[in-house]
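Enquirer: There's a structure below that I have some questions on.
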Amino acid sequence: QVQPVESGGGLVQAGGSMRLSCAPSGRALTTNTMAWFRQPPGSEREFVAAITSTGYTTSYADSVKGRFTISRDNDKNTVYLQMNSLKPEDTAVYYCAANPNRAYITSNPAVYNYWGQGTQVTVSS
């Protein structure tokens, strides 16, 4: 089974940077399209970024484009979300999600089959 596990969250000041990691507990992530979603307090879960299994294709939400970078190192079986120029609006629980379709990117959370438990990112002003 694919069991994503997020790490790297915490408190950061506005304008700062943070890198989130997603590593498996169980089945490898390397054959999956991977995505990051986030859920701000009191809000619905929203798409952040996604990457195909090879890492050659990526997609970003307009709100994070130019600031966030999704990447993966399949040799390490790890997916990353590098977050730069963080804003208070980025405060949310960030989730790593996996889709067994290795070449399909979507912003629809219903398509992703496996989810991590989330990691809290808090950006102070």
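The values are calculated or read from the model by the stated rules, or taken from the named source; none is laboratory data. Everything numeric in this text was worked out from a predicted model, so none of it was measured. When we count neighbours, we look across all protein chains shown, and the Cβ atoms used for this are built from the backbone with ideal geometry, even at glycine. Quick note on the areas: whole protein, heavy atoms, side chains included, nothing else; ligands and nucleic acids left out. Shrake-Rupley method; radii C 1.70, N 1.55, O 1.52, S 1.80 Å.
Enquirer: For region 32-88, enumerate the residues that are open to solvent by less than 20 Å² (accessible area, probe 1.4 Å), within 19 Å of residue 111 (Cβ to Cβ), over 9 Å from the mean Cα position of the chain (by Cα) and of a type outside the set (A, V, I, L, M).
Expert: Residues satisfying the conditions are 32, 33, 52, 53.
Enquirer: What's the number of the only condition in (1) charged (D, E, K, R); (2) free of Cβ contacts under 8 Å to residues at least 40 places away in the same chain; (3) in a strand (DSSP E or B) that residue 62 fails to meet?
Expert: (3)
Enquirer: In addition: Tell me which residues, restricted to region 56-111, are closer than 23 Å to residue 10 by Cα and touching a helix residue (DSSP H, G or I) at 6+ places or on another chain (Cβ under 8 Å).
Expert: 63, 64, 83, 97
Enquirer: Name every residue in region 80-95 that is part of a strand (DSSP E or B) and either over 23 Å from residue 53 (Cα atoms) or at pLDDT below 95 (or both), in order of residue number. Steps first, answer last, please.
Expert: Quick first cut of region 80-95, residues part of a strand (DSSP E or B) only: 80-83, 92-95.
Scanning region 80-95 gives 92, 93.
Enquirer: I would also like to ask the following. Please determine whether any residue of region 89-110 is among the small types (Gly, Ala, Ser), under 14 Å from residue 24 (Cβ atoms) and crowded, with 20+ Cβ neighbours inside 10 Å.
Expert: Here is the first cut: in region 89-110, the residues among the small types (Gly, Ala, Ser) are 92, 97-98, 103, 107, 110.
Retained after the next criterion (residues that are under 14 Å from residue 24 (Cβ atoms)): 97-98.
Next, from what is left, pick out any that are crowded, with 20+ Cβ neighbours inside 10 Å: 97-98.
Among the residues of region 89-110, at least one is among the small types (Gly, Ala, Ser), under 14 Å from residue 24 (Cβ atoms) and crowded, with 20+ Cβ neighbours inside 10 Å, which makes the answer yes.
Enquirer: Further question on the same structure: When both residues are 6+ apart or on different chains and their Cβ atoms are under 7 Å apart, which pairs have a first residue that lies in region 37-48 and is in contact (Cβ under 8 Å) with a residue 12 or more places away in the chain and over 13 Å from residue 115 (Cβ atoms), and a second that is of a type in the set (Lys, Arg) and assigned to a strand (DSSP E or B)?
Expert: From residues that are in contact (Cβ under 8 Å) with a residue 12 or more places away in the chain and over 13 Å from residue 115 (Cβ atoms), the pairs are 46/38; 48/38.
Enquirer: Right, another one. Residues of region 1-31 being open to solvent by 30 Å² or more (accessible area, probe 1.4 Å), touching a Leu at 6+ places or on another chain (Cβ under 8 Å) and part of a loop (DSSP other than H, G, I, E, B), which ones?
Expert: Listed by number, the residues that qualify are 8, 9, 14, 15, 17.
Enquirer: Which residue, of 57, 78, is under 18 Å from residue 119 (Cβ atoms) and out of contact with any His (no Cβ under 9 Å at 6 or more places or on another chain)?
Expert: On the way: 57 fails: under 18 Å from residue 119 (Cβ atoms).
Just a single option satisfies the conditions, and that option is 78.
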